[in-house]
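The next block holds one structure in the form of structure tokens; read it before the comments.
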Amino acid sequence: MMCNARQASLLALLIASGAILGGCAESGHSAKSSWSSGDSPAISSSAVQNYKVGKPYQVAGVWYYPQEDFDYDETGIASWYGPDFHAKLTANGEVFDQNAVSAAHKTLQLPCVARVTNLENGRSIILRINDRGPFVNGRIIDLSRKSAQLLGMEGKGTAKVRVEVLNEESRVLAGKLKPDSSGTEPKVASAAPRGSVVAETLPPPPGITARPVDQPATPAAPPPSRREAAVAEADLSNQVVNTVPVHPTSLYVQAGSFGRHDNALRLSARLSNVGKPQIQQATVQGRTVYRVRIGPISNVDEADRMLDAVVAVGQTDARVVVD
């Protein structure tokens, strides 16, 4: 698929924004601290952009399983982080700048490009995810301070958000930063080789006036590929914040999602002493799933308490969702 002008421009902005992120914090503070066993390194001239997925890892007794997901689209609660981790290194070796437009995620490939929308005020921005975190139950993404400001959530500390990985932009960014050893790097198709063609002019039939022979057209130069796009002298911090319509939303604790209804029923029965679980049927990528949820819940603090209660009965994959 060819990249349009907007995508090329966006990719240029993302590459130009390069070495930025590092740490995570709950409501602008401490959620990242358990990630590192010691102080993160300060700014170094050796800090570079790297592509990283990473192996499974454990933080505070919880296992996380990184994977490439170019179709990621989830809702949840965002937090933000800033001063305590400014100028330190991110999980993929970049440098965190709290004034850059970036974010951290527990399992997505690093870096990738995502659209984050504040579902409470409709503000929406494009940012670069290049760090791990936040390591707090109930938080889906940790935004840099600048990102939180652009989304209008810095003072509040948290917000209901939707996080969508931009598929094509993220694939192109991955292709620029990682060796093409797996065959997944985006390719630019080259023209098939052609032999030389010899043209011979024949005399016109009797009685027909010969017309001037058209000169062969000069072949048009192929459009520049996405990977050849010039890097713009720009910064994502200067992007225009889009605003989308705001619709009423509610918070839920999703304890599990199953392909079989009987499995959902069993979990619902286990949770009967925790709250009032309900089973919601949904279609995801063409298949039917049964989600076990508790809610709606009135606010983030209550959702956090309910999530802790669900995790305590063994549902460690439970999460807070916005619907």
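Just so it is clear, none of the values below were taken in a lab; they were calculated from the coordinates. Everything numeric here is computed off the predicted structure, so don't read it as measured data.
Below, the figures for the structure above:
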read-out	value
For the range 64-76, 3J(HN,Hα) per residue [Karplus equation, 6.51 cos²θ - 1.76 cosθ + 1.60, θ = phi - 60°, Hz, x = Gly/Pro]	10, 10, x, 7, 6, 8, 7, 10, 4, 7, 9, 10, x
Karplus (6.51, -1.76, 1.60) ³J(HN,Hα), θ = phi - 60°, over the range 146-154, in Hz, Gly and Pro reported as x	4, 4, 5, 5, 4, 8, x, 10, 4
Amide H contacts under 5 Å for Gln98, placed H, 5+ residues apart	Ala87
Reachable lysines, given that their alpha-carbon falls under 23 Å from the alpha-carbon of Lys146 and they are not under 8 places away in the same chain	Lys32, Lys88, Lys106, Lys156, Lys160
Amide H contacts under 5 Å for Ala159, placed H, 5+ residues apart	Ala78
Residue-wise HN-Hα coupling along the range 103-118, computed from phi with Karplus coefficients 6.51, -1.76, 1.60 (Hz; x: Gly, Pro)	6, 10, 9, 6, 9, 5, 4, 10, x, 9, 10, 9, 9, 10, 10, 7
Inverse of mean 1/r across different Cα pairs in the range 131-178, Kirkwood, Å	12.7 Å
When the convex hull of its Cα atoms is projected in every direction, mean area for the range 64-109 (nm²)	4.1 nm²
